[in-house]
Amino acid sequence: MASLSSASVSLVRTPNHLPCFRSNHGKVQSLNRYSKTKTTHLSINSSLRMCSIAASDWPLSTSMYELSSKKVWIWTENSQVMTAAVERGWDTFIFSSQNQGLANEWSKIALIDPLFIKEGEIFDNAGERVATIFQVSTPSELKKLHPEAHHVGNVVIDLLDWQVIPAENIVAEFQGSKTTVFAVSKSPAEAQLFLEALEHGLGGVVLKVEDVKAVLDLKEYFNRRNEVHNRLSLTKATITQVHAVGMGDRVCVDLCSLMRPGEGLLVGSFARGLFLVHSECLESSYIASRPFRVNAGPVHAYVATPGGKTSYLSELKAGKEVMVVDQTGKMRTAIVGRVKIETRPLILVEAKIDANDQTVYSILLQTAETVALVCPHEGNRTQKTVIPVTSLKVGDEVLLRLQGGARHTGIEIKEFIVEN
């Protein structure tokens with residue numbers, strides 16, 4: 001390991017760098033490779049048809065934007081775990097000092113950075129100390145861990161008792177420090193806890209497992225969180241029909257996060273086109289704002305979830321994740337805290353991309369002034385615009401997310417499908 005930064009793995013895929021496995025003759029064979037990069041430490045008025053909202057400066061959670069800089073080291077003796085990790089861009093492995101032979105064997109198979117534990121320290125292949133290990137089981141032991149100590153840039157903590165509060169204390173203590181703090185994690189759930197402590201999380205995790213599924217689950221977690229670095233393509237659509245259809249069971253989705261003006265959930269009757277339904281974050285004369293809520297539509301509707309998947313609104317429940325999207329396509333994940341299903345009057349909204357388009361996109365929503373669709377973003381205007389469904393009329397423009405219509409358990413598939 002030439003330098004400390006070489007143990008850092010970026011989760012941004014680059015097509016010209018592929019995971020390298022060695023053939024039996026020592027030649028390098030290319031598979032899908034993740035690039036290595038140097039990381040750094042850490043008021044709606046119901047009497048109006050169209051409503052303009054001032055852009056908000058509300059701060060958003062930053063933890064989801066920082067995962068690409070988090071480091072993952074693997075501690076295992078299972079060759080299948082090693083293979084799964086390398087294929088997913090994690091090539092730094094920890095071995096006990098007695099396992100030099102295993103490290104040599106694996107180095108013949110794949111390009112890995114082996115690290116060795118000896119007397120409470122971690123050394124690289126050249127014998128250079130790269131990290132110090134601290135086992136913490138009492139508050140007094142935790143107090144010994146501070147940024148001023150000489151830790152050669154990395155600290156690995158093994159929390160033997162409490163986990164959440166000590167991790168939060170460490171994040172607070174080491175904020176602004178150049179020291180990268182790892183936590184030994186025995187499951188993806190533990191790793192997630194450490195990576196999200198006090199919102200910013202620790203600098204990395206040492207995943208100590210013998211199960212391939214743990215690597216796959218942790219990588220899936222990183223992929224979901226790193227979706228926020230992308231921006232969804234939203235399309236302008238023109239309303240072609242609006243009319244009341246009667247009563248139905250509609251779903252209010254209450255999130256564990258606050259939404260700001262311009263944000264909402266992608267919902268639709270067909271997966272091929274999801275409408276951006278605005279949250280209830282706007283003030284009105286008749287009811288207080290509920291910035292955690294989206295009055296999303298009936299139980300049958302699709303809603304966008306992480307990983308490019310969809311779920312039926314009726315399937316949502318506390319603990320599940322959905323994608324929050326704003327007018328520009330910027331997205332983030334949010335956890336569902338509660339789902340309310342109640343019988344309410346519904347209105348059918350249909351739209352097309354252009355007049356000659358034969359494909360119709362539709363959504364049913366509750367007939368209420370607080371339910372609104374988001375309009376296209378025009379240029380660099382600082383005003384964001386929504387239209388309440390009670391004011392919606394033919395010719396109005398709203399935002400759609402176009403995607404494949406065929407789905408199997410929420411996953412997009414390629415097949416012939418007709419939906420009306």
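The table for this structure:
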read-out: Unique match (being at pLDDT below 50 and either more than 30 Å from Pro376 (Cβ to Cβ) or open to solvent by 50 Å² or more (accessible area, probe 1.4 Å) (or both)) among Ser43, Ser79, Ser56; value: Ser43
read-out: Residue among Arg231, Arg272, Arg250 that is among the charged types (D, E, K, R), closer than 25 Å to Ile335 by Cβ and surrounded by 17 or more Cβ atoms within 10 Å (Cβ to Cβ); value: Arg250
read-out: Conditions (1) in a helix (DSSP H, G or I); (2) crowded, with 20+ Cβ neighbours inside 10 Å; number of the one not met by Glu173; value: (2)
read-out: Pick from the stretch 94-130, criterion hydrophobic (A, V, I, L, M, F, W, C), assigned to a strand (DSSP E or B) and in contact with a helix residue (DSSP H, G or I) (Cβ under 9 Å, 6 or more places away or on another chain), ranking: most open to solvent (accessible area, probe 1.4 Å); value: Phe123
read-out: Residue list for the stretch 96-137, restricted to those being out of contact with any Lys or Arg (no Cβ under 9 Å at 6 or more places or on another chain) and within 16 Å of Ala183 (Cα to Cα); value: Leu115, Ile117, Gly120, Val130, Ala131, Thr132, Ile133, Gln135, Ser137
read-out: Lys317 part of a strand (DSSP E or B), open to solvent by 10 Å² or more (accessible area, probe 1.4 Å) and not aliphatic (A, V, I, L, M); value: no
read-out: Hey, Glu199 surrounded by fewer than 17 Cβ atoms within 10 Å (Cβ to Cβ) and in contact with a Ser or Thr (Cβ under 7 Å, 6 or more places away or on another chain) or not; value: yes
read-out: Criterion: among the basic types (Lys, Arg) and more than 26 Å from the chain's Cα centre (by Cα) - qualifying residue of Lys144, Lys186, Lys208; value: Lys144
read-out: The stretch 279-300 - residue that is over 20 Å from the mean Cα position of the chain (by Cα) and not in a loop (DSSP other than H, G, I, E, B) and, of those, farthest from Gly246 (Cα to Cα); value: Arg290
read-out: Residues within the stretch 329-368 that are open to solvent by 30 Å² or more (accessible area, probe 1.4 Å) and not in a strand (DSSP E or B), tallied; value: 9
read-out: Matching residues, the stretch 59-76, being modelled with pLDDT under 60 and touching a helix residue (DSSP H, G or I) at 6+ places or on another chain (Cβ under 7 Å); value: Met64, Tyr65
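The values are calculated or read from the model by the stated rules, or taken from the named source; none is laboratory data. Predicted, not measured: the structure shown is a model, and the values here were computed from it. Every residue, glycine among them, receives a Cβ derived from its backbone with ideal geometry; neighbour counts consider all protein chains shown. Areas reflect the complete protein model, heavy atoms only, side chains present, ligands, DNA and RNA absent. Shrake-Rupley method; radii C 1.70, N 1.55, O 1.52, S 1.80 Å.
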